[in-house]
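Report on the following structure.
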Amino acid sequence: MRKISQMTTKTPDLLALLRDHADKHGDQLAHVLPDRDITYRRLWSRIERGSARLFGEWSIREGDLVAYVGRGHPDSIVLYFALLRLGATLLPLESVSASQIRQVLAEKKPKLLIQDHEGSITGMTGMTMGSMTGSATYALEALLASLSHHDPVLIDDPMSRPSLFVRDAAHDWQLTSLDQLCTSLPAIPRTSFIDQHIFTIDLLRNIVLPSLRDHQLMQFAATDKVPGTGS
């Protein structure tokens, strides 16, 4: 429960919960990668690392737009929360065609492009997405590849800020806040398995966000589901 201007809301403060999970449930698994287990302690550490790199090395500031092109990799959740803390906005383009990617990027003109694997998008041979828009381009793994010692400037009350583009029933892009997404979450997650999409209202509200709220294990089609031993 959160208090805003003396009013109480039933929307959970998910960022505060994730920090709390790192302290109280730090050894519980959030998900697994091919080379390591991601506990809730490590998940929060990766969110902090992502915020530091985005701010200090990739020059992302409040109000900037960052596009993610991929197929439901769990580190894109880290990217979302890292951007949320900075007051930046995420435009997720998951499992869409190259022509659709070109169209949306030309329209939205993000400052930064991040993709699951550098140069891996079908139909982009001979050009990079960055060259199409003038945006800097990085692989998602570069966000968390090493420690970043920068001190990012974080915004107040990031939960209420519209910070994520989602598509509505008419397939138009709409901005939504984490507060809106956390409204009326189910008592328990619908399932623990997430396929090639993460950033739809249905999957966020019924699987991803309640799983994070309840410090539960999530499984992703985009990664090896066999627990690793890396650190």
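In table form, for the structure just shown:
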{"item": "Packing-based exposure ordering (other Cβ within 10 Å, fewest first) of Ser146, Ser211", "result": "Ser146, Ser211"}
{"item": "Karplus-derived HN-Hα couplings along the range 89-103 (A = 6.51, B = -1.76, C = 1.60, θ = phi - 60°), whole Hz, x at Gly and Pro", "result": "10, 9, 10, x, 10, 10, 6, 10, 6, 4, 5, 5, 4, 4, 5"}
{"item": "Stretch in the chain that is longest and holds no trypsin sites (Lys or Arg not before Pro) that DSSP places in a loop and that have at most 15 other beta carbons within 10 Å", "result": "62-189"}
{"item": "Contact order normalised by residue count of the range 2-220, Cα under 8 Å, 6+ apart, percent", "result": "24"}
{"item": "Residues whose placed amide H lies under 5 Å from that of His117, excluding near-sequence neighbours", "result": "Leu140"}
{"item": "His31 long-range amide H proximity, modeled H, under 5 Å", "result": "Ile38, Met218"}
{"item": "Rounded to the nearest 20 debye, dipole of the chain from Cβ charges on Lys, Arg, Asp, Glu", "result": "260"}
{"item": "Per-residue HN-Hα couplings for the range 34-42 [Karplus 6.51, -1.76, 1.60; θ = phi - 60°; Hz; x = Gly/Pro]", "result": "x, 10, 6, 8, 9, 7, 5, 5, 5"}
{"item": "For the chain, alpha-carbon Rg over 2.2 N^0.38 Å", "result": "0.97"}
{"item": "Cβ-based charge dipole, the chain, positive-most Cα from Gln216, Leu143, Met159", "result": "Met159"}
{"item": "Mean residue ellipticity (222 nm) of the chain, computed from DSSP H runs ≥ 4 via -39,500 (n - 2.57), nearest 500", "result": "-8000 deg cm²/dmol"}
{"item": "Sorted by Cβ density within 10 Å, fewest first, the residues Val78, Val96", "result": "Val96, Val78"}
{"item": "Amide H within-cut-off set for Ile194, under 5 Å, with H built and near neighbours excluded", "result": "Gln219, Phe220, Ala221"}
{"item": "Options Ala88, Ile101, Leu33, ranked by Cα towards positive dipole end of the chain, top entry (Cβ charges)", "result": "Ala88"}
{"item": "Least to most buried among Ile198, Ile101, Ile114 (fewest other Cβ within 10 Å first)", "result": "Ile101, Ile198, Ile114"}
{"item": "Options His197, Gly50, Trp173, ranked by Cα towards positive dipole end of the range 2-220, top entry (Cβ charges)", "result": "Trp173"}
{"item": "Reach of Lys108 by Cα under 18 Å, taken over aspartates and glutamates that are not fewer than 8 positions away in the same chain", "result": "Glu62, Asp64, Glu94, Asp168, Asp172"}
{"item": "Karplus-derived HN-Hα couplings along the range 69-86 (A = 6.51, B = -1.76, C = 1.60, θ = phi - 60°), whole Hz, x at Gly and Pro", "result": "10, x, 10, x, 6, x, 5, 5, 5, 4, 4, 4, 5, 5, 5, 4, 5, 8"}
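Bear in mind these aren't lab numbers, they're just calculated from the coordinates by the rules spelled out. What you see is a predicted model; the values in this text were computed from it and never measured. Glycine also receives a Cβ, built like all others from the backbone with ideal geometry; neighbour counts cover every protein chain displayed.
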